[in-house]
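Below is one structure; the comments refer to it alone.
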Amino acid sequence: MLRIVKQGPGLRRALRCGVAAATFALLAGAASAQTLEVAVEASPAGLDPHIVTAFASSQIVLGPIYEGLTALDKDLNIIPGLAQSWTASADGKTVTFKLRSGVTFHDGKPMEAEDVASSLRRVLSKDVGSPLASRLSAMESATAVDATTLELKLKEPSAPLLASLTGIAIVPRGLEGNKDALQRAPMGTGPFKFEEWQPNGFIRLAKHAGYWNTAEVKLAGVKFNFVPEAATRQVGIGNGQFALLPHVDAATALQLKGKPNIAMQETTELAYTLIGMNTSKPPFDNVKVREALNYALNRKEIIDAALFGSGAPAAPLPAVLKDWAVDVKDLPCYTYDPAKAQALLKEAGVATPVTVSMTVLPRQDIRDIAQVVQQQLGKAGFKVELKNPELGQFVQDWRNSNFDLFASTNAGSIEPDDYFYRAFRTGGSTNVFKYSNPELDTLLDKGRATLDKPARQAAYRDAQKILGCTGPAAHIAYPTLFSAVRSNLQGYDIYANRSLVSLGRASLR
Amino acid sequence: MLRHLLQRGLDLLIVLFGISVIVFLMIRLIPGDAVAIMLGANTEVTPERIAAMRGSLGLDRPLLEQYWVWLSRAVQGDFGTSIWTGRPVMQEIAAQIWPTLQLTLFSLVLGAGLAIPVGCLMAHWRGGRADLVLRVGAIAGLTIPSFWLGIVMLITVATLAPSFASLGYVPFSEDPLGNLQRLLLPAIALALPILANLSRLVRTAMLDALGQDYIRTARAKGLGERAVLYRHALRNALIPFVTSVGIMTGYLLGGAIVVEQVFSIPGLGRLILGAIAERNYPLIQATILVVTVGFVLVNALVDFAYALIDPRLRTAS
């Protein structure tokens, strides 16, 4: 120190300047200590909750900025959201919602039943072209009876309705034909209101002073910093610049575990990885070949090799949906048995080795999985050639069912209907497998239109038994989801659906 | 001189026209239906939404008409709106061009500025031990990719001086010190390969110049070594240097893409990457056009600088 000072007044002045700047930075930091600094991977493509479904957008808008009529608790149970209670008519075709009173939008205007009705109509509006429209396909009309009562008329009873409503944001009335306004300036009823968006930089939210449950909100605001590089996010949480990394990959999680001042939270994700089969042409049009593929897979080994051991072998529904999921142990063909696979291929009458191609989603974890699967299938009598197209080409081939096999990932939900109906029912909107099984169709129709829970559970149990062994998708894994949390952040809870809704209850020490 | 400039201007227009055609055709040349692919990651796309987007991009009209409409708007600075945010594309670019320009300039000043004295010293000490060390260092600097260097520097600084390793970007007008602090590491990462490249170039050019007759003459006149080196040799050595600086600017724009990604700086590079990832074609078209035009203009400036440095080039054309 002495030596440095001896070097002259210029340096001393510079040093003093630096100290002053550092002090200033500290003071500035203390003043805004109540704003939570979060680092997320990607910049959102837009902020309209009815248009963007990309995860980078929805994690920021749904929960922190917007709320739905219904909501989810940490254990994924449906709880009241903006609706305090609801009742269904005897035939199940009319559902009446009683809304919470005293709810205001971020501009201070009260939220009324007309806003809810308008929001639901907006999702169905052709001008907006919302990808969420299929979730409200059962809706016939939405009417505001009075300021706090909403009546929903349905074409047929809909069991998944309440779950669907958790993901449909309530926006101010009168935007039915407008698809631009909310993309840039979101306006919801949630705990935080939108303040500033610097594309590729950050999004800053401030506490919504008029929030209906304002006592719960302790943060002055949340700043989502967009930091695309995993190593950089890791540096940022290490030196305290960020207090939360909501999503950390398995490799980084291993490195962060045990670091001082950083706690890791984990849960099993609802989205799953899968190998899809094209059932419209040989060899996967043969049910025995599909069964053989399941026997040829060692899911535990795939998870260890490709996902750093972080994940659970995947039944058609994730185990966290306790009311619905069938345990993997109850699916006989989940036992790894290459000999049996070869026997089944012989029974099917196909010449071995069966040569097929597998189109792989361009994402590192999926590529890793595909390579392990290729090698496992090789032992059981398949010869798999991997195809690695870029994303656009992948999507195109996927959409046009231009594949023998594909390796990819599917979004999760809390509702069995979301997993099965679109993907596996005959003519379903994402049934790229070209799969058709009348028996399964009957079960899925029943699961959708029956309101009686035990009867629904029975239907989905049977559906999972069919899908698990002879269906067009071999479910591979539900990966583990990690969050890294600085020790000064409290009240944050990781959600299996990646929701950041718990920020409304979090606080900084 | 005037003819020289006019000739260059004409060349420039032809190049720009070529670029505009390529950028325009891009959206039509990719295999498959661009709109379906653009909406691709989303599994619940309706035919109505595809039709609406095709209409809003003007893809339902004849090709020549589309090009004319696109070009006539583009020359007025209107590249349409960003597909996802609905903001005018030029507005998005304007918001993110400054960090990149600042970073480019900063690293160019660092890299090229240091390259002249370092190259001169290498030439002065040619064959000596210091020259050898600097040459080996220059080769290392050339081969190490800047994004890797960036990550290593970031992790090292974060371990040694955590409070210094701030990420992101603040505008100079808001916080000058914070701005420079945040740009210093990425600028060094980008400047090192430039320094390595240019200092070798200066060394060779200086050695070449020092062997010429006019240098012997200058020495024979009794000029001091410093004057010989800087006033006579360097001036001639600068011509290849200036050419390289022009090319380096193009390199910097490319390098900035990855370095911006590492240091999470909201610049043009991140804008391009993001636009490609989300298949935001109007934004991709506009950013590529802006970057190429920038590159072409820099090269035109380099040509102009030749004429300033070397009077012979003025009369030759």
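Some notes on this structure:
- Screening the candidates B:Arg8, B:Arg87 for the property of being at pLDDT 75 or above and closer than 30 Å to A:Arg135 by Cα yields one hit, B:Arg87.
- A:Gly276 vs. criteria within 14 Å of another protein chain (Cβ to nearest Cβ) and modelled with pLDDT of 95 or more: yes
- If only residues of the stretch A:464-509 that are over 23 Å from the mean Cα position of the chain (by Cα) and farther than 30 Å from A:Leu219 by Cα are counted, the one that is most open to solvent (accessible area, probe 1.4 Å) is A:Lys465.
- Residue within the stretch A:262-271 that is touching a residue at least 40 places away in the same chain (Cβ under 8 Å), assigned to a strand (DSSP E or B) and either at positive phi or open to solvent by less than 30 Å² (accessible area, probe 1.4 Å) (or both) present: yes
- Residues that are surrounded by fewer than 22 Cβ atoms within 10 Å (Cβ to Cβ) and among the hydrophobic types (A, V, I, L, M, F, W, C), drawn from the stretch A:404-420: A:Ala411
- The one condition from (1) open to solvent by 40 Å² or more (accessible area, probe 1.4 Å); (2) on the phi < 0 side of the Ramachandran plot; (3) part of a loop (DSSP other than H, G, I, E, B) that A:Val145 does not meet is (3).
- Residue in the stretch A:51-67 that is at pLDDT below 90, surrounded by 21 or more Cβ atoms within 10 Å (Cβ to Cβ) and farther than 29 Å from A:Ala484 by Cβ present: yes
- Selection count, the stretch A:229-242, where residues are crowded, with 22+ Cβ neighbours inside 10 Å and either polar (S, T, N, Q) or more than 9 Å from chain B (Cβ to nearest Cβ) (or both): 4
- Within the stretch A:346-386, the set of residues being touching a Ser or Thr at 6+ places or on another chain (Cβ under 8 Å), closer than 18 Å to A:Gly276 by Cα and surrounded by fewer than 17 Cβ atoms within 10 Å (Cβ to Cβ) comprises A:Arg363, A:Lys383, A:Glu385, A:Leu386.
- Near pairs, Cβ below 6 angstrom, 6+ apart or cross-chain, from the stretch A:376-397 (within 14 Å of another protein chain (Cβ to nearest Cβ)) to any residue that is open to solvent by 20 Å² or more (accessible area, probe 1.4 Å) and modelled with pLDDT of 90 or more: A:Phe394/A:Leu361
- Among the residues of the stretch A:182-200, the ones that are over 14 Å from A:Pro172 (Cβ atoms) and in contact (Cβ under 8 Å) with a residue 60 or more places away in the chain come to 7 in all.
- The stretch A:345-383, residues that are more than 19 Å from A:Leu307 (Cα to Cα), under 35 Å from the mean Cα position of the chain (by Cα) and outside any loop (DSSP other than H, G, I, E, B): A:Thr355, A:Val356, A:Ser357, A:Met358, A:Thr359, A:Gly378, A:Lys379, A:Phe382, A:Lys383
- Members of the stretch A:54-75 found to be within 14 Å of chain B (Cβ to nearest Cβ) and out of contact with any Gly (no Cβ under 9 Å at 6 or more places or on another chain), listed by number: A:Phe55, A:Ala56, A:Ile60
- Given (1) in a loop (DSSP other than H, G, I, E, B); (2) under 25 Å from the mean Cα position of the chain (by Cα); (3) over 21 Å from A:Lys155 (Cα atoms); (4) polar (S, T, N, Q), index of the condition A:Ser429 fails: (3)
- Residue, nearest to the other protein chains (Cβ to nearest Cβ), within the stretch A:163-182, restricted to residues that are within 9 Å of A:Gly68 (Cα to Cα) and open to solvent by 10 Å² or more (accessible area, probe 1.4 Å): A:Gly167
- Residue among B:Leu201, B:Leu283, B:Leu252 that alone is modelled with pLDDT of 80 or more, part of a helix (DSSP H, G or I) and closer than 19 Å to B:Phe106 by Cα: B:Leu252
- The stretch B:232-263, residues that are more than 20 Å from B:Ala94 (Cβ to Cβ), within 14 Å of chain A (Cβ to nearest Cβ) and buried (at least 23 other Cβ atoms within 10 Å of the Cβ): B:Val259, B:Val262, B:Phe263
- Residue check, B:Gly150 within 12 Å of chain A (Cβ to nearest Cβ) and surrounded by 13 or more Cβ atoms within 10 Å (Cβ to Cβ): yes
- Scanning the stretch B:165-185 for residues that are within 18 Å of A:Lys223 (Cα to Cα) and at the interface with chain A (Cβ under 9 Å from one of its Cβ atoms) gives B:Ser166, B:Leu167, B:Gly168, B:Tyr169.
- Inside the stretch A:93-114, residues that are over 10 Å from A:Ala83 (Cα atoms), of a type in the set (D, E, K, R) and surrounded by fewer than 18 Cβ atoms within 10 Å (Cβ to Cβ) make up a count of 4.
- Of residues in the stretch A:387-403 being part of a loop (DSSP other than H, G, I, E, B) and open to solvent by 50 Å² or more (accessible area, probe 1.4 Å), the one farthest from A:Lys74 (Cα to Cα): A:Asn402
- Subset of the stretch A:129-162 that is within 14 Å of chain B (Cβ to nearest Cβ) and out of contact with any helix residue (DSSP H, G or I) (no Cβ under 6 Å at 6 or more places or on another chain) - its residue that is nearest to A:Ser85 (Cα to Cα): A:Ser137
- In the stretch B:168-187, the qualifying residues are those that are open to solvent by less than 50 Å² (accessible area, probe 1.4 Å) and assigned to a loop (DSSP other than H, G, I, E, B), and the one that is farthest from B:Gln102 (Cα to Cα) is B:Gly168.
- Matching residues, the stretch A:184-228, being crowded, with 23+ Cβ neighbours inside 10 Å, of a type in the set (A, V, I, L, M) and within 14 Å of another protein chain (Cβ to nearest Cβ): A:Ile203, A:Val227
- Contacts under 7 angstrom Cβ, first residue in the stretch B:194-223 being open to solvent by 60 Å² or more (accessible area, probe 1.4 Å), partner in a helix (DSSP H, G or I) and among the β-branched types (Val, Ile, Thr), 6 or more apart: B:Arg219/B:Val228
- Every residue from the stretch A:402-451 that is over 27 Å from A:Phe382 (Cβ atoms), within 14 Å of another protein chain (Cβ to nearest Cβ) and among the hydroxyl-bearing types (Ser, Thr, Tyr): A:Ser413, A:Tyr421, A:Ser429
- The single residue among A:Ser134, A:Ser119 that is in a helix (DSSP H, G or I) and either open to solvent by 10 Å² or more (accessible area, probe 1.4 Å) or over 22 Å from A:Met187 (Cβ atoms) (or both) turns out to be A:Ser134.
The values are calculated or read from the model by the stated rules, or taken from the named source; none is laboratory data. Only a predicted model underlies this, so the values are computations on that prediction, with no experimental measurement involved. When we count neighbours, we look across all protein chains shown, and the Cβ atoms used for this are built from the backbone with ideal geometry, even at glycine. Remember, those area values only see protein heavy atoms, side chains included, never the ligands or the DNA or RNA. Shrake-Rupley method; radii C 1.70, N 1.55, O 1.52, S 1.80 Å.
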